[in-house]
Amino acid sequence: MVRVAVIDKSLCKPKRCNKECIRFCPRVRAGDNTVEMGEDGKPVIHEEICAGCGICVKKCPFKAIKIVNLPDELEKFCVHRYGVNGFKLYRLPLPRPGKALGLIGANGIGKTTAVRILAGEITPNLGRTETPPSPQEILKAFRGSELFEYFTKVFNKKLKVVHKPQYVDKIPKYVKGTVEDVLAQVDEKNRLDKVISELGLDHIKDREIKYLSGGELQRLAIAAAVLREADVYMFDEPSSYLDVSERIRVAKAIRRLLAEEKYVIVVEHDLAVLDYVADYVCILYGVPGAYGIVSLPKGVRTGINAFLQGYLRDENMRIREEPIVFHLRPPVRSFPKEDLILQWTDLEIGLNGFSLHVEAGEAYRGEVIGILGPNGIGKTTFVKTLVGDIKPKDGSVFSVNSLTLSYKPQYLTEIDFEGTVSEFLEHAKNSPLSSKDLSTIVKPLRLDRLLDRELSSLSGGELQAAAIAACLLRDTDIYLLDEPMAYLDVEQRFSAAKMIRKAAEDRKAAVFVVEHDIIAQDFLSSSIMVFEGEPGKRGYAHKPAGLREGMNLFLKNLDITFRRDLQTGRPRINKEGSWLDRYQKTVLKEYYYIPEKEEEEEKEE
């Protein structure tokens, strides 16, 4: 048995504790130096003599220590370790030319590390932190595998890598100029005009970078990547901030690279997009922040289904206690009249030259209304009108009582708070956190270990989780969460979805969720509002409808069809022009849910 002891140096604060990890260690009390202070003033755990009792894990006041036991045979697959008591990565994904490789896994499980190793940004040390191996030793370790040839090219500088970063909102800090000027500087394929058109950047090509929205920055970053001449293209979360049609457009642009026989690697948490863009996937599992294991490559459908079911059959490994299951048939929108919380007549709303027409509708206590539509179409404007922050030009909103709103903004840069995560959450709730808050909201979002961290030091995914928790900790009548799934991994997305549904049911609140992840909306929502029109100029909002009616209206406008995976029930995007795409559009008139009769016939076949 191999002992892996990991200390998160960002959480460890020896000046603010009583060195519990040393004081309570049984081996230290017996006279061994199992735990001792290092040269940097922080503790070092010697794994070879650690008993693995876990007492230091429980006693550490800052939750900075993780100790896990792994099989001995796994150690020969160790690819990289971040120093003594650092994160360990086992195995690597296998990129193949002309094929798109997708990576699935929790944040902090090693996806970025694996990508950076394949990009040549990190040299794998095979777990030898004190005596790093030479390139010849690394190649010897991979001899007999497909990675041998790949790393031979890496070490001989024969692979040029282009890496699309995850956090595109930081681009304006480092890049200046107009969209067209910036892209012209990196256009190594002489395809500038074609790529601008393919990614829908025509109307903003003369706009300064500093004035771009999150979705526009995302498409700019992807355009810059595909315009570069390279051997390996890596895309880290390419769908964040994009609406559904833009996600399909981006996926097609990435797929076009495969015709050039390039290596393409995509890290993506929107499973519908990953299913569309990838040819095969590798699943990363383990303990976030402690160790990660890369699974053997699997076909994209088989791999995503195995991930959702939480069991890797070929490795006999369970990675989740419960499977994630979708409904094959949509729930009916039916609420008792006494649960009506608000209703509105036809509304005409004007704001800074933008006009929005809203059909008359209503919302009920316990209802989760998913809002779908392009960016800049008036979704947030509508909900703020419902709670009285914006007055409509025409029409009225009627509520049972005066309503309060808890809002999670779309852009995390809007969060302006100095202090720790704990202080931020208590400020949002306006009272100390209770044990129930910790168990039902904080822990499922993996924030329990971050409570003493400064909010400003959090990553994008951690800050997103904190923003969701702050929104749900407020006891209000209406919750509005604007793109809550951005930067969250798949596990966190479904945890957040369960919490949002539970908040609606337990607090008898109405919840509006603006989200472009179709799978998350399908799992989360009880009804759908569809917004359409011309972004930035005019919008039209349909009244809330059942999932089937709402999804079909939305996807019909986009001319996109989804089918259902009969094993897990998850939505899958049909390839444009495929037989099933044409059959659903022309014969079934069904863009999202296959009718019950057709499902049964398909099962019989």
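The values are calculated or read from the model by the stated rules, or taken from the named source; none is laboratory data. Please read all numbers here as calculations on a predicted model, not as lab measurements. Every residue, glycine among them, receives a Cβ derived from its backbone with ideal geometry; neighbour counts consider all protein chains shown. Just the protein is used for accessible areas: all its heavy atoms, side chains included, with ligands, DNA and RNA removed. Shrake-Rupley method; radii C 1.70, N 1.55, O 1.52, S 1.80 Å.
Residue-by-condition table, conditions (1) at pLDDT 90 or above; (2) touching a strand residue (DSSP E or B) at 6+ places or on another chain (Cβ under 7 Å); (3) closer than 25 Å to Phe77 by Cα:
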residue	(1), (2), (3)
Gly292	yes, yes, yes
Phe307	yes, yes, yes
Glu321	no, no, no
Phe335	no, yes, no
Asp339	no, yes, no
Within the range 565-605, which residues are outside any loop (DSSP other than H, G, I, E, B), at pLDDT 80 or above, open to solvent by 10 Å² or more (accessible area, probe 1.4 Å) and charged (D, E, K, R)? Arg572, Arg582, Lys585
Within the range 446-463, can you find the residues that are polar (S, T, N, Q) and either part of a helix (DSSP H, G or I) or over 19 Å from Asp489 (Cα atoms) (or both)? Ser456, Ser457
Name, by its number, the condition in (1) modelled with pLDDT under 90; (2) out of contact with any Asp or Glu (no Cβ under 9 Å at 6 or more places or on another chain); (3) small (Gly, Ala, Ser); (4) under 30 Å from Leu340 (Cα atoms) that does not hold for Gly550. (1)
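In the range 189-208, is there at least one residue being among the hydroxyl-bearing types (Ser, Thr, Tyr), part of a helix (DSSP H, G or I) and out of contact with any Leu (no Cβ under 6 Å at 6 or more places or on another chain)?
Within the range 189-208, one or more residues are among the hydroxyl-bearing types (Ser, Thr, Tyr), part of a helix (DSSP H, G or I) and out of contact with any Leu (no Cβ under 6 Å at 6 or more places or on another chain).
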Could you pull out the residue among Lys42, Lys76 that is within 22 Å of Asn125 (Cβ to Cβ), open to solvent by 60 Å² or more (accessible area, probe 1.4 Å) and among the basic types (Lys, Arg)? Lys76
Every residue from the range 24-39 that is assigned to a loop (DSSP other than H, G, I, E, B) and surrounded by fewer than 16 Cβ atoms within 10 Å (Cβ to Cβ): Ala30, Gly31, Asp32, Asn33, Gly38, Glu39
Would you pick out the residues in the range 158-181 that are without any contact (Cβ under 8 Å) to a residue 40 or more places away in the chain and either within 13 Å of Asp236 (Cβ to Cβ) or in contact with a His (Cβ under 6 Å, 6 or more places away or on another chain) (or both)? Lys170
Which numbered condition Ile369 misses (of (1) modelled with pLDDT under 90; (2) not in a loop (DSSP other than H, G, I, E, B)): (1)
What is the residue count in the range 525-556 for residues that are buried (at least 19 other Cβ atoms within 10 Å of the Cβ) and either touching a helix residue (DSSP H, G or I) at 6+ places or on another chain (Cβ under 6 Å) or part of a strand (DSSP E or B) (or both)? 9
Flag for Gly350 being open to solvent by less than 60 Å² (accessible area, probe 1.4 Å) and closer than 30 Å to Ser399 by Cα: yes
Which condition from (1) within 31 Å of the chain's Cα centre (by Cα); (2) at pLDDT below 85; (3) part of a loop (DSSP other than H, G, I, E, B); (4) polar (S, T, N, Q) is the one that Ser402 breaks? (1)
So Ile377, is it touching a helix residue (DSSP H, G or I) at 6+ places or on another chain (Cβ under 6 Å) and either open to solvent by 20 Å² or more (accessible area, probe 1.4 Å) or of a type outside the set (Phe, Trp, Tyr) (or both): no
Restricted to the range 48-73 and to residues being open to solvent by less than 40 Å² (accessible area, probe 1.4 Å) and either assigned to a loop (DSSP other than H, G, I, E, B) or free of Cβ contacts under 8 Å to residues at least 24 places away in the same chain (or both), the residue nearest to Asp452 (Cα to Cα) is Phe62
Restricting to the range 435-445, and then to whatever is part of a loop (DSSP other than H, G, I, E, B) and over 13 Å from Ser422 (Cα atoms), can you tell me which residue is least open to solvent (accessible area, probe 1.4 Å)? Leu445
Would the range 121-133 turn up any residue that is polar (S, T, N, Q) and without any contact (Cβ under 8 Å) to a residue 12 or more places away in the chain? yes
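Across the range 13-23, which residue is nearest to Asn85 (Cα to Cα) among those that are open to solvent by less than 60 Å² (accessible area, probe 1.4 Å) and not β-branched (Val, Ile, Thr)?
Here the answer is Cys21.
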Going by what's in this entry, would Arg91 be described as surrounded by fewer than 20 Cβ atoms within 10 Å (Cβ to Cβ) and closer than 27 Å to Phe307 by Cα? no
Boolean, Glu426 is open to solvent by 10 Å² or more (accessible area, probe 1.4 Å) and more than 22 Å from Gly214 (Cα to Cα): yes
Lone unmet requirement of (1) of a type outside the set (Lys, Arg); (2) touching a residue at least 24 places away in the same chain (Cβ under 8 Å); (3) surrounded by fewer than 17 Cβ atoms within 10 Å (Cβ to Cβ); (4) not in a loop (DSSP other than H, G, I, E, B) for Val6: (3)
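Every residue, every condition in (1) in contact with a helix residue (DSSP H, G or I) (Cβ under 6 Å, 6 or more places away or on another chain); (2) closer than 25 Å to Phe382 by Cα; (3) part of a helix (DSSP H, G or I), yes or no:
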| residue | (1), (2), (3) |
| --- | --- |
| Thr413 | no, yes, yes |
| His427 | no, no, yes |
| Ala465 | no, yes, yes |
| Ile468 | yes, yes, yes |
| Cys471 | no, yes, yes |
| Phe494 | no, no, yes |
Within 21 Å of the chain's Cα centre (by Cα) and either under 28 Å from Gln492 (Cβ atoms) or open to solvent by 10 Å² or more (accessible area, probe 1.4 Å) (or both): does that describe Pro165? yes
